[in-house]
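First up is the structure itself, then whatever we jot down about it.
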Ligand SMILES: Nc1nc2c(c(=O)[nH]1)N[C@H]1C(S)=C(S)[C@@H](COP(=O)(O)OP(=O)(O)OC[C@H]3O[C@@H](n4cnc5c(=O)[nH]c(N)nc54)[C@H](O)[C@@H]3O)O[C@H]1N2
Ligand SMILES: Nc1nc2c(c(=O)[nH]1)N[C@H]1C(S)=C(S)[C@@H](COP(=O)(O)OP(=O)(O)OC[C@H]3O[C@@H](n4cnc5c(=O)[nH]c(N)nc54)[C@H](O)[C@@H]3O)O[C@H]1N2
Ligand SMILES: [Mo]
């Protein structure tokens with residue numbers, strides 16, 4: 001097998017969706033003088049592709065007046081998070097931008113310098129700069145900046161098809177979100193990412209005869225009730241618990257789920273790989289593994305056993321700072337339960353040895369025989385996966401341009417997997433013009449300077465220095481666009497658009513949701529539509545095979561060639577469950593060649609990874625102590641920065657930097673919080689609600705102390721994504737975004753060998769009280785953002 005074969009290319013085939021079973025009322029109906037539109041949202045506002053069921057109530061004037069959960073959605077069943085409930089406030093926020101705006105490059109960072117322009121003029125400005133920069137520096141001098149899985153950011157459409165650049169760039173150091181897990185799964189099992197099977201795809205759900213209730217879930221660095229992470233419906237966990245599923249929680253913090261878990265391993269942040277190796281060792285030594293699965297379907301078991309024997313539970317207990325009995329208990333409980341599942345979250349990626357952590361978790365899932373069994377880990381088959389990532393490359397980017405992708409030679413396991421330039425090297429490139437200059441940029445759903453980029457001031461300076469022209473594509477102004485852009489292109493919210501949404505971005509999808517337009521705020525395009533319109537304007541030949549944006553959507557997201565018919569059929573649909581098969585590896589459904597087994601070079605789950613080996617990493621898992629840990633072996637760090645800093649655990653009020661200007665959401669969490677244990681706070685004379693300075697060798701942030709036993713005495717937790725839209729956006733203030741920015745304390749350039757992973761959840765810091773207060777004045781927020789337009 002070639003390494004490039006690891007990329008999963010196929011798409012969700014609409015024709016295979018059960019009966020495209022429309023559950024409940026039609027997609028649009030009348031109720032009490034209101035028109036109700038049922039829809040499954042993605043973004044904006046932010047969410048991963050989850051597609052919770054929504055009902056949008058529109059009055060006779062065409063205004064969205066109410067939002068409710070759709071009780072007929074098979075998984076969410078009417079339940080919604082506060083961000084969906086306040087959708088009206090997002091759509092009609094006075095801060096929303098609905099017309100294109102332009103500004104002179106010399107006026108970057110000046111709020112008042114923006115002037116509205118027509119779409120025609122905006123497109124002409126893009127064209128003029130694009131052609132000039134391409135001619136002078138080549139298309140590789142363009143960077144497409146993306147953040148989390150918003151539709152704009154997950155599509156390669158903008159960078160590849162519209163602008164023809166190989167430098168599509170997710171802006172978080174080490175691509176430390178989801179992709180390390182995807183990559184590890186692709187390299188080790190031949191198919192991306194296995195998720196807990198919560199019966200989401202089965203018509204009878206929990207009572208479906210094919211389903212077996214999961215006995216035990218290990219919740220590993222994931223908080224699905226707050227985060228609905230990576231296209232997962234958090235509600236499912238509580239539904240399973242009600243039916244008797246028990247939990248093991250692996251998390252340095254206490255939350256609602258850990259309080260209800262049988263075992264909570266409250267480990268020192270960043271030490272997960274040691275714990276995972278020890279759990280493997282216990283399970284192997286105590287003969288608790290599935291012999292048949294190991295014998296028939298695994299490769300390298302003996303080598304793995306030998307390696308994990310170097311991390312006995314006693315050693316891991318010391319590293320992780322947890323009681324050793326709890327490691328034994330957790331390993332036994334997980335291995336004996338049938339079926340059992342591990343839900344693995346963002347904390348798995350956010351460390352230098354994230355790829356090794358993933359490797360161990362996949363090994364645990366495999367040797368206990370839980371891969372692709374009902375109630376275990378659902379795996380994508382050879383017929384499902386991404387179409388999004390590689391779409392357009394071959395046609396739009398000649399090979400010699402593709403080969404110029406920043407990082408491709410040094411980090412092929414990264415760049416080839418997700419067709420992205422390596423972000424840490426991109427930062428250096430922006431700073432030095434080496435190996436070549438980057439001169440044009442565009443944000444396609446990213447607020448790098450307030451959230452995605454580590455050491456954001458460094459990125460700020462690098463982007464301003466390098467970019468001659470930069471475009472922001474967004475619903476609202478933010479600090480990144482204010483600082484670095486010359487053109488703003490506004491897009492539609494979910495209430496104003498059509499589209500599709502597949503859970504987990506399409507691999508391992510359990511539901512397909514369809515978005516329906518309920519209101520109009522100025523005929524704004526979705527990302528897909530904007531890419532189509534702009535692409536057709538710049539490169540008519542590339543887009544000629546699609547008569548309109550819907551046809552492009554079909555081809556791009558649905559893999560449909562017979563334009564029209566299928567889209568017409570499903571466009572009347574709200575939500576459908578996607579048929580699944582279990583035990584696909586026995587049935588020849590995992591490999592493109594139809595043979596039984598897994599789509600890896602050995603045809604097995606590679607516990608000894610031929611891919612890791614081929615890419616120059618150790619084929620077996622190993623633990624790396626976080627570089628900035630305050631431990632005895634790092635005396636200088638321990639002395640100056642004695643606390644472990646973990647960051648960014650999700651809160652329901654906000655999706656990253658979004659929502660600070662929605663008064664109802666801001667009221668839930670008005671200030672940037674730093675969680676600190678009562679004992680640690682007392683030692684430092686810090687009172688609950690007092691403002692503190694948290695700092696380390698990379699920088700500092702001012703935050704408000706939340707004194708809580710959710711963290712232990714050695715750990716603090718800082719919220720991420722903070723900016724203050726009520727403040728001045730002018731440089732250097734930029735909505736105060738650098739003041740309370742936890743990423744000031746997180747570095748770039750500390751990835752693992754394959755280029756993945758960043759220590760965002762396992763840094764060090766110190767904390768001291770400060771005299772000033774920066775409390776948010778909620779009256780001001782209501783005054784500024786409360787009166788909807
Ligand atoms: N310290 C720390 N930092 C972190 C994290 C952490 O855990 N700790 N988490 C990291 C992770 S996992 C991620 S993925 C990144 C996320 O980083 P980003 O994705 O950059 O997150 P946001 O700050 O929400 O910026 C997204 C921007 O896109 C806009 N937007 C929303 N929906 C759409 C859409 O559909 N189309 C377009 N064009 N724009 C849209 C929003 O208004 C917002 O301005 O942050 C990372 N930052
Ligand atoms: N409301 C809301 N939802 C979101 C987002 C958002 O900003 N807001 N962001 C979206 C994005 S891009 C992502 S990637 C997902 C992330 O969603 P999740 O995968 O759920 O990740 P987090 O919420 O960052 O952290 C999960 C848990 O990891 C714990 N943790 C911290 N450090 C460690 C550690 O070292 N080891 C272990 N084992 N656990 C640790 C935290 O305490 C937290 O409880 O959420 C998505 N959903
Ligand atoms: Mo993420």
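The values are calculated or read from the model by the stated rules, or taken from the named source; none is laboratory data. The structure presented is a predicted model; accordingly, all values stated were derived computationally and were not measured. Here Cβ is always computed from backbone atoms with ideal geometry, including for glycine, and neighbour counts include all displayed protein chains.
What to note about this one:
- Scanning segment 437-456 for residues that are part of a helix (DSSP H, G or I) and either assigned by TED's automatic domain parsing to the domain that holds residue 722 or within 21 Å of residue 152 (Cα to Cα) (or both) turns up 448, 449, 450.
- Inclusion of residue 375 among residues that are modelled with pLDDT of 95 or more and out of contact with any strand residue (DSSP E or B) (no Cβ under 8 Å at 6 or more places or on another chain) is not warranted.
- Taking first residues from segment 630-644 that are at negative phi and partners that are part of a helix (DSSP H, G or I), the Cβ contacts under 6 Å between residues at least 6 apart in sequence or on separate chains come to 630/637; 630/638.
- Residue within segment 219-227 that is in a helix (DSSP H, G or I) and more than 16 Å from ligand 3 (Cβ to nearest atom) present: yes
- Filtering segment 174-200 to residues that are in contact with a strand residue (DSSP E or B) (Cβ under 7 Å, 6 or more places away or on another chain), assigned to a loop (DSSP other than H, G, I, E, B) and under 25 Å from residue 752 (Cα atoms) leaves only 194.
- A residue that is touching a helix residue (DSSP H, G or I) at 6+ places or on another chain (Cβ under 8 Å), within 30 Å of residue 616 (Cα to Cα) and either outside the structural domain of residue 653 (by TED's automatic domain parsing) or surrounded by fewer than 19 Cβ atoms within 10 Å (Cβ to Cβ) (or both) cannot be found anywhere in segment 704-718.
- As a summary of the residue check, residue 241 satisfies the conditions (1) touching a strand residue (DSSP E or B) at 6+ places or on another chain (Cβ under 8 Å); (2) part of a loop (DSSP other than H, G, I, E, B); (3) farther than 24 Å from residue 321 by Cβ except for the one numbered (2).
- Considering segment 132-154, and only residues there that are under 20 Å from residue 452 (Cα atoms) and more than 16 Å from ligand 3 (Cβ to nearest atom), the residue that is surrounded by the fewest Cβ atoms within 10 Å (Cβ to Cβ) turns out to be 142.
- Top-ranked residue of segment 296-348 - restricted to ones that are part of a helix (DSSP H, G or I) and within 16 Å of ligand 1 (Cβ to nearest atom), ranked as surrounded by the fewest Cβ atoms within 10 Å (Cβ to Cβ): 346
- Residue within segment 179-190 that is more than 30 Å from residue 553 (Cα to Cα) and under 18 Å from the mean Cα position of the chain (by Cα) present: no
A quick yes/no check of all residues on (1) within 30 Å of residue 234 (Cα to Cα); (2) modelled with pLDDT of 95 or more; (3) assigned to a loop (DSSP other than H, G, I, E, B); (4) assigned by TED's automatic domain parsing to the domain that holds residue 713:
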{"position": "630", "(1), (2), (3), (4)": "no, yes, yes, no"}
{"position": "639", "(1), (2), (3), (4)": "no, yes, no, yes"}
{"position": "649", "(1), (2), (3), (4)": "yes, yes, yes, yes"}
{"position": "652", "(1), (2), (3), (4)": "yes, yes, yes, yes"}
{"position": "660", "(1), (2), (3), (4)": "yes, yes, yes, yes"}
{"position": "671", "(1), (2), (3), (4)": "yes, yes, yes, yes"}
{"position": "685", "(1), (2), (3), (4)": "no, yes, yes, yes"}
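- Output for segment 145-173, where each listed residue is more than 11 Å from ligand 1 (Cβ to nearest atom), in contact with a helix residue (DSSP H, G or I) (Cβ under 9 Å, 6 or more places away or on another chain) and either within 24 Å of residue 502 (Cα to Cα) or not in a loop (DSSP other than H, G, I, E, B) (or both): 156, 157, 160, 161, 162, 168, 169
- Checking 380, 374 one by one, the residue that is under 15 Å from residue 580 (Cβ atoms), under 23 Å from the mean Cα position of the chain (by Cα), touching a residue at least 24 places away in the same chain (Cβ under 8 Å) and outside any strand (DSSP E or B) is 380 and no other.
- Test result for residue 724, more than 27 Å from residue 639 (Cβ to Cβ), surrounded by 23 or more Cβ atoms within 10 Å (Cβ to Cβ), away from ligand 2 (no atom under 16 Å from the Cβ) and modelled with pLDDT of 95 or more: yes
- Members of segment 190-208 found to be at pLDDT 95 or above and either over 17 Å from residue 378 (Cβ atoms) or surrounded by 24 or more Cβ atoms within 10 Å (Cβ to Cβ) (or both), listed by number: 196, 197, 198, 199, 207
- Within segment 461-482, being within 13 Å of ligand 1 (Cβ to nearest atom) and outside any strand (DSSP E or B) holds for 475, 477, 478, 479, 480, 481, 482.
- The set of residues in segment 101-131 that are loosely packed, with under 13 Cβ neighbours inside 10 Å and in a loop (DSSP other than H, G, I, E, B) comprises 104, 118.
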